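Here is the structure we will look at, set down as structure tokens.
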Amino acid sequence: MKLELGDVQTTALIPLAIKANETLRESPRIKDYKAVEIINALNIDTTQYDKFMSHEGVVARTIMLDKQLKNIIKKHPDTTVVNIGAGFDNRFSRVDNGKISWFDIDLPDSIEARKKAFDDQERVTMIASDALTNAWCGEVIKNVKQKKSKPVFIAEGLFMYFTMDQIQTFMEVLKNNFPKGGTLIAEQNCKLMQKNEKHHDTVKNTNAHFMSGTESAQEIADLVDGISVIDERSFNEEMKKHSIRGKLFALLLPKVNNRWATFEW
């Protein structure tokens, strides 16, 4: 498999490598055999993409988001889930209940690469589009109109590569195109991490840059009228369960780790 990805899109190799390597451990906390398959097909050295803190962070955020999505789907089994900045994410296979509709949205080069790695699946649609435009919304809107529940949008590993202006644009796209309401679960980066990106253990090995950070998800909610923060949880909640370093990080730097924030409108 040959890939040609942009600077930011290349960061998708970080969670891919970590999920593949975690899957191959003796007692994996998450399993993603598609990630193993893709890494083997790419025949790349994962060393630069899989360092301890990033590894633990990706595992933690995966466990946390999978659990949250499964709970939402249990309450709303016919819902529509829209994965913004999908990369090589294989979450659909882990949370599918046989009824949900799923959309994977990403830039054209990423979707082209994704289509090489993933076969067509029933109830899964891949759309090549810039998330900051309305172009991807039409097909999703048609699907949502057939459902009784509000759509759920997820943005994993995305907002830190957006400026605050771009995040505002994205939130406006959601609010304007889905006026009857929805839920967004988005990963949050802190300002300190943005300022010290050169010290990030894996992103520093790419050409991507952190473009924003927040101390609270309320900073994002305040960008667009009618957006509310429902919940915000640090990855520390999960990371501290698995290692001494994770416990120390949570104790000494409680506000530095990334967080999951849930928004509604």
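If I go through segment 38-59 residue by residue, how many of them are surrounded by 15 or more Cβ atoms within 10 Å (Cβ to Cβ) and either within 22 Å of Leu248 (Cβ to Cβ) or in contact with a helix residue (DSSP H, G or I) (Cβ under 7 Å, 6 or more places away or on another chain) (or both)?
14
Given the options Ala155, Ala117, Ala135, name the one that is free of Cβ contacts under 8 Å to residues at least 40 places away in the same chain and not hydroxyl-bearing (Ser, Thr, Tyr).
Unique residue meeting the criteria: Ala135.
Can you find a residue in segment 93-108 that is open to solvent by less than 50 Å² (accessible area, probe 1.4 Å), in a loop (DSSP other than H, G, I, E, B) and more than 26 Å from Cys137 (Cβ to Cβ)?
no
Sort out which residues of segment 60-73 are closer than 18 Å to Pro15 by Cα and open to solvent by less than 50 Å² (accessible area, probe 1.4 Å), and write them in order of number.
The answer is Ala60, Arg61, Thr62, Ile63, Met64, Leu65, Asp66.
Note down all Cβ pairs under 7 Å where the first residue falls in segment 169-189 and is open to solvent by 10 Å² or more (accessible area, probe 1.4 Å), the second is in a strand (DSSP E or B) and β-branched (Val, Ile, Thr), and they're at least six residues apart or on different chains.
Correct list of pairs: Thr183/Val152; Thr183/Thr262.
Out of the residues in segment 8-56 that are without any contact (Cβ under 8 Å) to a residue 24 or more places away in the chain and of a type in the set (A, V, I, L, M), state the one that is nearest to Ala113 (Cα to Cα).
Ile39
When you scan segment 162-265 for helices (runs of 4 or more DSSP H) that lie fully inside it, which ones turn up with 2 or more residues that are at pLDDT 95 or above?
Ranges flagged: 164-177, 218-221.
Has segment 11-22 got any residue that is modelled with pLDDT under 85 and more than 27 Å from Asp120 (Cα to Cα)?
No; the residues of segment 11-22 include none that is modelled with pLDDT under 85 and more than 27 Å from Asp120 (Cα to Cα).
Given the criteria surrounded by 20 or more Cβ atoms within 10 Å (Cβ to Cβ) and free of Cβ contacts under 8 Å to residues at least 40 places away in the same chain, does Ser216 qualify?
no
Run down Ile167, Ile154, Ile141 and say which single residue is under 21 Å from Arg94 (Cα atoms) and not polar (S, T, N, Q).
Ile154
Can you tell me which residue within segment 62-79, out of those that are in contact with a helix residue (DSSP H, G or I) (Cβ under 8 Å, 6 or more places away or on another chain) and not β-branched (Val, Ile, Thr), is nearest to Gly181 (Cα to Cα)?
Leu69
Scan segment 219-251 for residues that are among the small types (Gly, Ala, Ser) and either under 13 Å from Met171 (Cβ atoms) or surrounded by fewer than 15 Cβ atoms within 10 Å (Cβ to Cβ) (or both) and jot them down.
Passing the criteria: Ala221, Gly226, Ser228, Ser243.
Consider Val140 carefully, then state whether it is within 21 Å of Leu158 (Cα to Cα), touching a residue at least 60 places away in the same chain (Cβ under 8 Å), open to solvent by less than 10 Å² (accessible area, probe 1.4 Å) and not in a helix (DSSP H, G or I).
no
Going by the structure shown, is Asp109 of a type in the set (D, E, K, R), in contact with a helix residue (DSSP H, G or I) (Cβ under 8 Å, 6 or more places away or on another chain) and touching a residue at least 60 places away in the same chain (Cβ under 8 Å)?
Answer is yes for this residue.
Any idea which of Ile38, Ile73 is more than 24 Å from Phe235 (Cα to Cα) and out of contact with any Pro (no Cβ under 8 Å at 6 or more places or on another chain)?
Only one candidate qualifies: Ile38.
Report, by residue number, each residue of segment 31-65 that is among the hydrophobic types (A, V, I, L, M, F, W, C) and not in a helix (DSSP H, G or I).
Selection gives Ile44 alone.
Across segment 74-88, which residue is farthest from Lys116 (Cα to Cα) among those that are outside any loop (DSSP other than H, G, I, E, B) and open to solvent by 10 Å² or more (accessible area, probe 1.4 Å)?
Within segment 74-88, the match that is farthest from Lys116 (Cα to Cα) is Lys75.
The values are calculated or read from the model by the stated rules, or taken from the named source; none is laboratory data. Keep in mind that this is a model prediction, so the values were computed, not measured. Ideal geometry is used to build each Cβ from the backbone, glycine not excepted, and the neighbour counts take in all protein chains shown. Each accessible area value is taken on the protein alone, full model and side chains, heavy atoms only, with ligands, DNA and RNA left out. Shrake-Rupley method; radii C 1.70, N 1.55, O 1.52, S 1.80 Å.
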